[in-house]
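A.B. asks: For reference, the structure I am asking about is given below.
The values are calculated or read from the model by the stated rules, or taken from the named source; none is laboratory data. Since the model is a prediction, treat every value here as computed from it, not as a measurement. Cβ sites come from the backbone with ideal geometry, for glycine too, and all protein chains shown count toward neighbours.
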């Protein structure tokens, strides 16, 4: 155990002290928030209203178009139908000219839009939606239909609540789906990013022949275990620093650049406006549903499967790293069998979200190679305690077994230079080493 701890210390300290670790840890949050800030700043600076001059020869749309838009203003013009379009725009200080010709057989004969350089898609959509809305109201009035009643029928809906009989709590399929996808995707990213990091670390040691010295004093299993845990701690450290830096920058940037205050601040007017549009009854229901979730179980299980999934796949990536040499293409080919179960887990996760108690969902949440992603999709719906316990035990057993297998491959593969290992040879290493 002491040797494993020494290897963990070596892996952690050597990687944390690297310039690449410091650069990526500092630069990624800065670049991401910097890009967001630049886009928000440019959007705030470039935001300007366009004035639309309207010539309505039909008389149907006059003084009925939407004037509440934050991007467009409407100006009605009389007796301008025969004037030059450019002259008309310049005289009225407008950007866009909308010419509506007289109606024929209940339909406008023609509707044209003019602008120097062409009309943008957003402007055309705004005008089209606005005119269609006014025209639909006219058609309803002509047919004697009350628009208020139609709107009332279209906006009416039946609110359905779902409850878990076991816990007698309100549930939400939408929230459960979001939790499942978010946690599954995060675990997927960690497995790929830091699993690949383990593989590259082993390849680097093999190339520098450091492993020849290390493996002479420790067992392959101890070396493999220490390497996996050490790199896992590096990953957790980086994630923690990213969270701290991202939170700090999100608070500081709006203070340093006032133009970004409304665009990036969590309590911005835009966010509050969107929140205020939600009916109070629905808003209370959302918070009640969120509070009814078993967050203690969700967070604790996420941390377990987050680490367990990484440990399991890191052992497999380490084995691949010991099998290949410096050829990156060869390494990518060898990782295909490892990434296939992760892709399979995503397919099963989608099925588990639709039907969390199906045989496929239960199998995926118990099978160690898919359980880190699939089980997190099932937990918000309620999973029997024995299934969670069995899944965790199988994941731990799978990690220990895979580390043992990978150590056997590592023991021979790390000393193999200048030759491409075949799967047949790998099975021999596992059998006889």
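A.B. asks: Filter the stretch 93-115 down to the residues that are outside any strand (DSSP E or B) and in contact (Cβ under 8 Å) with a residue 40 or more places away in the chain and list them by number.
C.D. replies: Listed by number, the residues that qualify are 93, 94, 95, 101, 102.
A.B. asks: Additional query: Among the helices (runs of 4 or more DSSP H) confined wholly to the stretch 138-256, which include 1 or more residues that are touching a strand residue (DSSP E or B) at 6+ places or on another chain (Cβ under 9 Å), over 28 Å from residue 335 (Cβ atoms) and modelled with pLDDT under 80?
C.D. replies: Filter on the stretch 138-256 gives 173-208.
Residue-by-condition table, conditions (1) modelled with pLDDT of 80 or more; (2) surrounded by fewer than 12 Cβ atoms within 10 Å (Cβ to Cβ); (3) over 30 Å from residue 248 (Cβ atoms):
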{"position": "7", "(1), (2), (3)": "no, no, yes"}
{"position": "36", "(1), (2), (3)": "no, no, no"}
{"position": "47", "(1), (2), (3)": "no, yes, no"}
{"position": "58", "(1), (2), (3)": "yes, no, yes"}
{"position": "74", "(1), (2), (3)": "yes, no, yes"}
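A.B. asks: If you scan the stretch 110-133, which residues turn out to be surrounded by 15 or more Cβ atoms within 10 Å (Cβ to Cβ) and over 20 Å from residue 85 (Cα atoms)?
C.D. replies: If the condition is that a residue be surrounded by 15 or more Cβ atoms within 10 Å (Cβ to Cβ) and over 20 Å from residue 85 (Cα atoms), then 126, 130, 131 are the ones that fit.
A.B. asks: Right, something else. For residue 356, state whether it is under 23 Å from the mean Cα position of the chain (by Cα) and closer than 13 Å to residue 301 by Cα.
C.D. replies: So residue 356 does not fit the description; no.
A.B. asks: Let me ask something else about it. (1) over 30 Å from the mean Cα position of the chain (by Cα); (2) without any contact (Cβ under 8 Å) to a residue 12 or more places away in the chain; (3) outside the structural domain of residue 129 (by TED's automatic domain parsing): which one isn't true of residue 7, the others all being true?
C.D. replies: (2)
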